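**Student:** Can you read through this structure? Questions will come right after.
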Amino acid sequence: MLILLAVPAYATNPFLDAPGDKPVSARFRGTEWNDNIDEDEITLTARVITTRIAKMPSGAVYKIEFTDIESQAKERREIAPEYFVVTDDRIVLLNEEKIDEAVQRIAALDKPPSFDEANVYGITSGQLNHEEGLWKTTIRLKGDLCIYEASHPSGHFKKVVWKKGVGLVEYASGYGAMKGGFRLKRGK
C-alpha cells in the first residue's frame, strides 16, 4: 500500500502562510491621531491585502499592503506596504530600497540569507529581545499569537501581531508624544 502526502515545496510558517498565490484580504478597523485632529482619536479603517509574491525552498516572500484607507481626518493617511521574508521559524522585514531586485535575489537562494536581528518581526518559538540605540524590541509568543513590539523613549512605537493560521491581526505605529499614529485590528 502506498500513501502519498502533499507537502509544500517550500518551508511554511504558522503565523504567515498563504494557501496559494492569490491575494487574501481582510478589513481592519481602529483609530488614528495626530496634531491636526481636534479629537483625541478618530475612526480609521483599511483593507489589508496579503500576497505571496515569491516562493523559495526556505520559505516565501509576502507583500502586505494597506488599501481603501478611510478616516474623517482632513489629511488622508498613507500606510506604505511592507515586504516580509518568511521561513519556517522567522518573519523578517525586507528592508531594502530596490524591493523587486531583492525579492528576485532572495527567491533564487537555496537557503535563507542571514538577516539583521533588528528586522525580525516574528518567531515561532522562544522570545527575542533586541536593542539598537535607544530602540527596544521584544518579540514574544502568547497562546496562538506572536507579538512584535518596538519602542523608543521619545514615544515612537510599532506593534505587529500575527495569529497562527490567520496572519496579520494587528498593526500599529506612532510618533512621540502622541504626535501622530494609528492602531488597526483585523475584523472578525
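**Student:** Could you work out how far the C-alpha centroid of segment 64-121 sits from that of segment 132-147, in angstrom?
**Tutor:** 17
**Student:** Let me cross-check Arg105: its accessible surface, 1.4 Å probe, with only protein heavy atoms counted, in Å² to the nearest 10?
**Tutor:** 120
**Student:** Something else about it: If ligands, DNA and RNA are left out, what is the accessible area of Ser173 with a 1.4 Å probe, given in Å² to the nearest 10?
**Tutor:** The accessible area comes out at roughly 30 Å².
**Student:** Additional query: So which GluC sites (Glu not before Pro) in segment 73-181 are both in a DSSP loop and have at most 10 other Cβ atoms within 10 Å of their Cβ? The partial results should precede the final answer.
**Tutor:** Working: sites: Glu75, Glu78, Glu82, Glu96, Glu97, Glu101, Glu117, Glu131, Glu132, Glu149, Glu170; in loops: Glu75, Glu78, Glu96, Glu97.
In loop regions of segment 73-181 (DSSP not H, G, I, E or B), the sparsely surrounded GluC sites (Glu not before Pro) are Glu75, Glu78, Glu97.
**Student:** In terms of Cα to Cα distance under 17 Å, which lysines are near enough to Lys111, apart from those fewer than 8 places away along the same chain?
**Tutor:** Counting by Cα, and skipping residues close in sequence, Lys111 has these lysines nearby: Lys55.
**Student:** Next up: Divide by every residue of the chain the summed helix terms, -39500 (n - 2.57) for each DSSP H run of at least 4, and state the resulting mean residue ellipticity at 222 nm, rounded to the nearest 500 deg cm²/dmol.
**Tutor:** The helix contribution divided over the chain gives -1500 deg cm²/dmol.
**Student:** Moving on. Could you pull the Cα extents of segment 91-151 along its three principal axes, largest to smallest, in whole Å?
**Tutor:** 33, 28, 15
**Student:** Got a sec? What order do Arg140, Arg52, Arg76 fall in by accessible area at 1.4 Å, biggest, i.e. largest, first?
**Tutor:** Arg76, Arg140, Arg52
**Student:** Mind ranking 39-47, 62-70 by how tightly packed they are, going by the mean number of other C-beta atoms within 10 angstrom, highest first?
**Tutor:** Working: 39-47: 14.3, 62-70: 16.7.
The most tightly packed comes first, giving 62-70, 39-47.
**Student:** Taking only the Cα atoms of the chain, how large is their convex hull per residue, in Å³?
**Tutor:** Numbers: hull volume 27.9 nm³, N = 188.
About 149 Å³ per residue, rounded to a whole number.
The values are calculated or read from the model by the stated rules, or taken from the named source; none is laboratory data. This is a predicted model, so every value here is computed, not measured. Neighbour counts are summed over all protein chains in view; Cβ atoms, including those assigned to glycine, are modelled from backbone coordinates with ideal geometry. For accessibility, only protein heavy atoms count, side chains too; no ligands or nucleic acids. Shrake-Rupley method; radii C 1.70, N 1.55, O 1.52, S 1.80 Å.
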